[in-house]
1. Does at least one position in the range B:12-28 carry a residue that is buried (at least 20 other Cβ atoms within 10 Å of the Cβ) and within 14 Å of chain A (Cβ to nearest Cβ)?
2. Restricting the search to the range B:485-502, which residues are open to solvent by less than 80 Å² (accessible area, probe 1.4 Å) and either modelled with pLDDT under 85 or of a type outside the set (A, V, I, L, M, F, W, C) (or both)?
3. Residue by residue through the range A:28-48, note down the ones that are among the hydrophobic types (A, V, I, L, M, F, W, C), touching a residue at least 12 places away in the same chain (Cβ under 8 Å), out of contact with any helix residue (DSSP H, G or I) (no Cβ under 6 Å at 6 or more places or on another chain) and within 22 Å of B:Tyr57 (Cβ to Cβ).
4. Collect the residues in the range A:48-67 that are more than 7 Å from chain B (Cβ to nearest Cβ) and open to solvent by less than 30 Å² (accessible area, probe 1.4 Å), keeping them in residue-number order.
5. What's the total number of residues in the range B:350-382 that are more than 20 Å from B:Phe396 (Cβ to Cβ) and not in a helix (DSSP H, G or I)?
6. Is it fair to say B:Asn125 is open to solvent by less than 40 Å² (accessible area, probe 1.4 Å), of a type in the set (S, T, N, Q) and touching a residue at least 60 places away in the same chain (Cβ under 8 Å)?
7. Say we look at the range B:383-415 and pick out the residues that are on the phi < 0 side of the Ramachandran plot and outside any helix (DSSP H, G or I); which of these is surrounded by the fewest Cβ atoms within 10 Å (Cβ to Cβ)?
8. Given B:Arg249, B:Arg274, which one is among the basic types (Lys, Arg), surrounded by 18 or more Cβ atoms within 10 Å (Cβ to Cβ) and within 14 Å of another protein chain (Cβ to nearest Cβ)?
Amino acid sequence: MNGLDNDIHSQRKRVRSAMKLTDVQIGTKVKITSMFAMNPFIRRRLSDLCISEGSLITLDHLLPFSGPCMIEANGQAVAIRLKEAECIRVVAV
Amino acid sequence: MIHIGLIGNPNTGKTTVFNALTKSYEYVGNWAGVTVEKKVGVLINKQGSLTDLPGVYSLQPLSKDEGVTTRYLVEESPDQLINVVDASQLKRNLYLTLQLLEYESRLVMGLNMMDMVETRGVQINVDRLSNVLGVPIIPIVARTGIGCKKLLDCASKNVSGRGEDRPQTVDYGPQIEPAIAALIDMLPQGKISRRWVAIQFFDGNEVVTDWLSERLPAEILRGLYDQTEQKVRTETEADGCHMLIRLRRSQVISEMISQCMLQTKVSQTSFTQRLDRLVTHRLTGIPIFLLFMYLTFKVTFEWLGVRLSDTLDGWISGPISEGIARAMEYAHAGEFIRSLIMDGIIAGVSGVIVFVPQIFILFFILSFIEDSGYMARIATVMDRLLEGVGLNGKAFIPMIIGFGCNVPGIMAARTIEQPKERLLTILLTPLMSCSARLTVYSLFVAAFFEAHQAAIVLSLYVIGVVLALVLAKLFSMTIANNEPSLFIVELPPYRYPQWKTLWRSTWEKGKGFMRKAGTFILAGSVVIWLLSYLGPSGKAVDISHSFLQVIGSVLSPIFAPLGFGNWQSASSLITGFFAKEVVVSTMNILYAAPTEEGLKITLHQFFSPLQAYSFMVFTLVYVPCLATVAVIRKETASRKWTWFSVGYALIVAYLLALFIYQFGVWIGLT
């Protein structure tokens, strides 16, 4: 039980302190600290593409009218919806 | 005879490898329980078969379709596996490779896209990687065919040795390893590696879990899993077995890569990135796409497609028909047979043949868009609009194609992973006004709206689109609201598609269309002919005494409130079920007006402009044509949804036409 609580607690702490991927300037490389609140399917897909906590990514482009975000990681380009991108918390490197 | 399974990530050029290693292939039905078709090919060296498995990133399935790969491994125990790996994405690809190594069958790796790796300034020490993994690795460039023969030779000779001789690649730690050992002890030795089964079980692979449940009591499995999960949570940083397994694998992969891969130069902005900037730009993105689509339709339906169609049509209605007619005369064929063949079968066949060039061109362009990578960008650009109605950016292409013909449009919906969104797309694509319906519009606007033809036709297309958007919202809120709408798409680097892959892809889709649609349109034509030839008192004197007329008369009162309550309209609509353009040819016959001019004049006796518009709206929506229904049945694998697609279309068509007509009458238009 203890281990589980610590995990959620520390995750929440990380979420509050780091900034959202969508607030980062386009083209800067950042490191993911948390993907906590994200839909599990998308989260799993991203980790299949080696994009998870600790990964280095770059925000390439935000499509207009709150459209999807294009992210670059390890030479791959991926597009996800704004809603999911906002769940990605990052810190500068 | 060896049986080889071809496994790899999506977008690694696996299809290209498949095409390079096989000389022929066929679809042997679907994999059990899903709509994915099973593709098996004959090896070029004729030593066995190659089964193409759906591209996956990991054996752990996220959907039933993905479960196919695991199911294949569990049920079919291939002699050999070929793992196609994208050398420019080694880290990601090795995640699957590790799982395949644990499966302990013979394995050969085809390290593809070596050309891309070079241009990116990455060096891979293939020999060292081969040693570390314990499998033969053949570098290949599938697009050009380099290395493929060597790959095939290596795979056919089974030189890779059985898996038990390989070093155990991943140690999963003191929490999971004992649990794995415990599970292995409970299982009898069989064809499949027990260690692999155990690891997949703790990784959460549902297919493996189901397989195990048939052999071990569920409570024991459950107990073992929960116990291990608990241990992992309390003793490690991971929040579960799956995560710990993933972490351990990633660590091993990182180590391997650091030993075998070297990045020698910093990658600059690539061609892909520059093109993407243009294609996804807020100002240029959509115009570029519209231009692309416009050109697609122009080529398919005007410049190239129609010319080929007309030529074919000319041959069939000209020399071929005459030849057959003469042959029948010579053979003293009876009138029934003569009419059956000329008016039924030949009419039906030419109805299908006319489509063929356009369909193939459309499929070719579609394959080009898919293989080049542009399709993923289109889905991204269009996603926001479709998100608003509960759909997914990937639904856009099927619908756009539906404007040409609904059948390939619905087939294109296979690229949508999410079942709910795929279903919605399939149900709504028939609302896209296809080119067959255009023949009906052309007739009526020429007769009634001569001054505003384009505007009226455009209004009909717009009605179709608006209806689709509204119903999408409605359906996603009511009948299909059990899952959230999700979107994620990988944007592969742009590449020039390889000719052989394009051709095979086009041929596959085109053949599927011809077989399905062709059979139905042909059968439909014969049925219509029969209904018009026979009447209540044997052979009909003329068409106004045939069964078709009887059925039409019975149904015509239903259409009266819509403005076209005459038996000719009703009968034409019935025939239109088989193929929408048949409505026009039926009207030609029923109104006894064989020429276009004559028909236009006759129509004025039966329709007013308002009634004509109501009729066109009804034709737009009423039911998908028979070929479309057949494809819907196949792609949804569900009778219920097929009936639904027919039912809702009828109801919506009726209500809409009713509304338009009655409203028009009410405000004084006649």
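The values are calculated or read from the model by the stated rules, or taken from the named source; none is laboratory data. No experiment lies behind these values; they were computed from the predicted model shown. Positions of Cβ are backbone-derived with ideal geometry, glycine not excepted, and every protein chain shown enters the neighbour counts. Note: areas computed on protein heavy atoms with side chains; ligands, DNA, RNA excluded. Shrake-Rupley method; radii C 1.70, N 1.55, O 1.52, S 1.80 Å.
1. Yes, the range B:12-28 contains at least one residue that is buried (at least 20 other Cβ atoms within 10 Å of the Cβ) and within 14 Å of chain A (Cβ to nearest Cβ).
2. Once the filter is applied, which keeps residues that are open to solvent by less than 80 Å² (accessible area, probe 1.4 Å) and either modelled with pLDDT under 85 or of a type outside the set (A, V, I, L, M, F, W, C) (or both), the range B:485-502 yields B:Ser485, B:Glu490, B:Pro492, B:Pro493, B:Tyr494, B:Arg495, B:Pro497, B:Gln498, B:Thr501.
3. A:Ile32, A:Leu46
4. Residues satisfying the conditions are A:Ile51, A:Ser55, A:Ile57, A:Thr58, A:Leu59.
5. Total satisfying the criteria: 2.
6. Values: open to solvent by less than 40 Å² (accessible area, probe 1.4 Å): no; of a type in the set (S, T, N, Q): yes; touching a residue at least 60 places away in the same chain (Cβ under 8 Å): yes.
When the stated conditions are applied, B:Asn125 does not pass them.
7. Among residues in the range B:383-415 that are on the phi < 0 side of the Ramachandran plot and outside any helix (DSSP H, G or I), the one surrounded by the fewest Cβ atoms within 10 Å (Cβ to Cβ) is B:Gly388.
8. B:Arg249
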